[in-house]
Amino acid sequence: MKKKMIALIVSLLLFLILFFAGYLYYMLHSDMEVRTEIRPIDDETYQTLGALEYVDHPEQKNFRNLLFTFKFKYSDGVENIQTELTEPFSQLLTTDVYWSGEGFEYDDTKRKEYTAKQEIVLYMGEISEDELIDLLNEGMFIVTWTEDGKEKRKEFKIGETAIFIQ
């Protein structure tokens, strides 16, 4: 009976130590996620599009919604987060593909989460999915920040983060 109690206490202590170590690791290390989703546009968005008479294939199936999302969950030592695109999406995708778009950046310092988003309507009547990926691969998303007094930098090829959702 005494051996079972000792084994139970040792197991409980080991669990607590591992849980505490995991919690400290999570609190002290940063986590970045970049995602580019490309999906068909909905009826409501299609109805708001203007200038459809200027394209050869104005059907709804030829328009897509690109949602670019960057999330950075950071620790206490991180500050001065900066993001940039090597080229804006409007130039990267050219006027033949880029229809309209908007975006924002927000740093929630209380939750220690930095977010940047861009939502873009694409015209895909004259371009394939592979050609779109090639265009996106020409652009880089660059993140710089200071962590514990040291400058850090990470680069992401936009095309490598793209997924098509049907």
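The values are calculated or read from the model by the stated rules, or taken from the named source; none is laboratory data. Small disclaimer: the values here were computed from a predicted structure and weren't measured. Every residue, glycine as well, gets a Cβ built from its backbone with ideal geometry; the counts of neighbours run over all protein chains shown. The accessibility values were calculated without ligands, DNA or RNA, using every heavy atom of the protein model including side chains. Shrake-Rupley method; radii C 1.70, N 1.55, O 1.52, S 1.80 Å.
Here is a check on your reading of the model: is residue 46 among the hydroxyl-bearing types (Ser, Thr, Tyr) and modelled with pLDDT under 85?
Values: among the hydroxyl-bearing types (Ser, Thr, Tyr): yes; modelled with pLDDT under 85: no.
Criteria not met by residue 46.
Inspect all residues belonging to segment 119-141 and state whether any of them is in contact with a helix residue (DSSP H, G or I) (Cβ under 8 Å, 6 or more places away or on another chain), within 15 Å of residue 33 (Cα to Cα), of a type outside the set (Ser, Thr, Tyr) and surrounded by 13 or more Cβ atoms within 10 Å (Cβ to Cβ).
yes
Give 146, 115, 94, 109 a once-over and let me know the one that is on the phi > 0 side of the Ramachandran plot and of a type in the set (Ser, Thr, Tyr).
94
Give the residues of segment 142-156 that are open to solvent by 30 Å² or more (accessible area, probe 1.4 Å), assigned to a strand (DSSP E or B) and not acidic (Asp, Glu), sorted by residue number.
Once the filter is applied, which keeps residues that are open to solvent by 30 Å² or more (accessible area, probe 1.4 Å), assigned to a strand (DSSP E or B) and not acidic (Asp, Glu), segment 142-156 yields 144, 150, 152, 153, 154, 156.
Could you please give the count of residues in segment 74-85 that are within 16 Å of residue 142 (Cα to Cα) and open to solvent by 70 Å² or more (accessible area, probe 1.4 Å)?
The number of residues fulfilling the criteria is 4.
Looking at (1) within 19 Å of the chain's Cα centre (by Cα); (2) without any contact (Cβ under 8 Å) to a residue 12 or more places away in the chain, which is the one condition that is false for residue 128?
(1)
Quick check on my filter: what residues within segment 97-110 are loosely packed, with under 13 Cβ neighbours inside 10 Å and closer than 22 Å to residue 138 by Cβ?
Result: 102, single match.
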